[in-house]
Amino acid sequence: MKIVDSKTAMRRQSTAWVRSGEAAGLVPTMGALHEGHLTLIRRARKECRRVIVSIYVNPTQFGPKEDLARYPRPRAQDLALCRQEGVDLVFAPENLYLPDHSTFVEENVVSQGRDGASRPGHFRGVATVVLKLFNLVRPSRAYFGQKDAQQVDVIRRMARDLDVPVKLIVLPTVRDRDGVALSSRNQYLSPEERATAVEFAHLLQQAAKRKNNPAVWLGQELKKVSGLKLDYVERAGDRLCAAVFVGKTRLIDNAVVDL
Ligand code: AMP
């Protein structure tokens, strides 16, 4: 497995693979890999001649009061997991931005509301870094999780609008046995907070089965949970989406509504 930390080396390798017709699958991550990420990697391994995992905690998608500095970075463990999964190359740059970087990608419709409203500038950071990764890695396919449903919509729209020749593959949310959606941020939770996160996950699943106004019901129920602060509940297409704060940790999740 190659480990590449410079843009130049990444570009050299991706150009060689494009020239030799070796289709690459990219799994973009911020590291602290868990089964959710591994599911994406395994699918890429099945479908692509080359599998590239990027590990980059992208500063432009974090707000000034968010958890950029404390975001977990278990590098050795991440590399071991990638090696186990037969990844060809890990792209783990220290920094992807020049000091005078001044160009950003802004999607202006699907990035509105929900996380776009609660985290101003977040999707601009996401769209920018994902386009940079697409340009550096030149994948034919890129793999994303449905857990970040709005992120998928933003990236899909960005790739369509800017004519990026990549096929997006979106896979279902992987959950722990207690129902909580796997997330690198779950590590922040104390045992009591974990119990609250379980309640959040259960209420979301229950709400998704309700015929009448699942979003209204979920909002009411979440407000009753102690130790939980509701950020938003919103129906988006066939999905019921919610974000909450459990202590200082912000958790998001979504479920397909039973119609
Ligand atoms: P992150 O490292 O959190 O930025 O996530 C990298 C990719 O993994 C994104 O496409 C996420 O949607 C996806 N992902 C994160 N958590 C899960 C999960 N529990 N199930 C499936 N995919 C996930």
Exercise for review: Please list, or write none, the aspartates and glutamates whose alpha carbon is within less than 12 Å of the alpha carbon of LYS2, excluding same-chain residues fewer than 8 places away.
Suggested key: ASP88
Check your understanding: Using the per-residue mean of other Cβ atoms lying within 10 Å as a proxy for protection, in what order, highest first, do the peptides 41-52, 135-146 fall?
Key -> 135-146, 41-52
Practice item. Using every pair of alpha-carbon atoms in the stretch 159-258, split the distances into 5 Å bins beginning at 0 and state the percent of pairs per bin, rounded to integers. Key: 2, 13, 23, 21, 16, 10, 7, 5, 2, 0
Exercise for review: Enumerate the calculated ³J(HN,Hα) couplings along the stretch 75-85 in order (Karplus 6.51 cos²θ - 1.76 cosθ + 1.60, θ = phi - 60°), each rounded to whole Hz, writing x wherever the residue is Gly or Pro.
Suggested key: 4, 4, 5, 4, 5, 4, 5, 4, 4, 4, 8
Point to revise | Size of electric dipole in the chain: Cβ of Lys, Arg +1 and of Asp, Glu -1, about Cα centre, debye, nearest 20 | key: 500 debye
Exercise for review: Could you run the Karplus curve 6.51 cos²θ - 1.76 cosθ + 1.60 with θ = phi - 60° over the stretch 201-213 and give me ³J(HN,Hα) per residue in whole Hz, x for Gly and Pro?
Suggested key: 4, 5, 5, 4, 5, 4, 4, 5, 8, 7, 6, 9, 6
Exercise for review: Step through the residues of the stretch 35-44 one at a time and calculate ³J(HN,Hα) from phi using the Karplus curve (6.51 cos²θ - 1.76 cosθ + 1.60, θ = phi - 60°), rounding each to whole Hz and writing x for Gly and Pro.
Suggested key: 4, x, 5, 5, 4, 5, 4, 5, 5, 4
Review point. Cα centroids of the stretch 194-258 and the stretch 69-142: how far apart, whole angstrom?
Key: 26 Å
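From the helices alone, meaning DSSP H stretches of at least four residues, give me the mean residue ellipticity at 222 nm for the chain, per-run term -39500 (n - 2.57), in deg cm²/dmol to the nearest 500.
Counting only the DSSP helices, I get -12000 deg cm²/dmol.
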Study note, to complete from the structure: Once amide hydrogens are built 1.01 Å from N within the peptide plane, the residues lying 5 or more places from SER54 or on another chain with amide H under 5 Å from its amide H are VAL27, THR29, PHE91
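Using a 1.4 Å probe, what is the accessible area per residue for the stretch 119-259, in Å²?
Details: 6700 Å² over 141 residues.
Accessible area per residue: 47 Å².
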Review point. Do you know the relative contact order of the stretch 15-147, to the nearest whole percent, from alpha carbon pairs under 8 angstrom that are 6+ apart?
Key: 36 percent
Check your understanding: For ILE169, which sequence-distant residues (separation of 5 or more, or a different chain) have an amide H within less than 5 Å of its own amide H, given hydrogens modelled in the peptide plane?
Key -> ALA142, TYR143, PHE144
Check your understanding: For the stretch 1-59, with the dipole built from +1 on Lys and Arg beta-carbon atoms and -1 on Asp and Glu ones, taken about the Cα centre, which of TYR56, GLN13, MET1 lies farthest toward the positive end?
Key -> GLN13
Revision key, fill the gap. Quick note, the stretch 1-65: a/c under 1.5 would make it rounded; otherwise a/b > b/c is prolate and the rest oblate (a ≥ b ≥ c, C-alpha gyration tensor); here it is oblate
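Whenever you get a sec, compute what percent of the accessible area on the stretch 128-251 sits on carbon and sulfur atoms (1.4 Å probe).
C and S fraction of accessible area: 48 percent.
Compute the whole-percent fraction of alpha carbon pairs in the chain spaced more than 25 Å apart.
On the way: 15010 of 33411 pairs.
Distances greater than 25 Å cover 45 percent of the Cα pairs.
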Check your understanding: For the stretch 131-259, what is the charge dipole size about the Cα centre, in debye to the nearest 20, if Lys and Arg each add +1 at the Cβ and Asp and Glu each add -1 at the Cβ?
Key -> 260 debye
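The values are calculated or read from the model by the stated rules, or taken from the named source; none is laboratory data. The structure displayed is predicted, hence computed values, not measured ones. Because the Cβ atoms are built from the backbone with ideal geometry, glycine has one as well, and the counts that use them run over all protein chains shown. Keep in mind that these areas ignore ligands, DNA and RNA; they rest on the heavy atoms of the full protein, side chains included. Shrake-Rupley method; radii C 1.70, N 1.55, O 1.52, S 1.80 Å.
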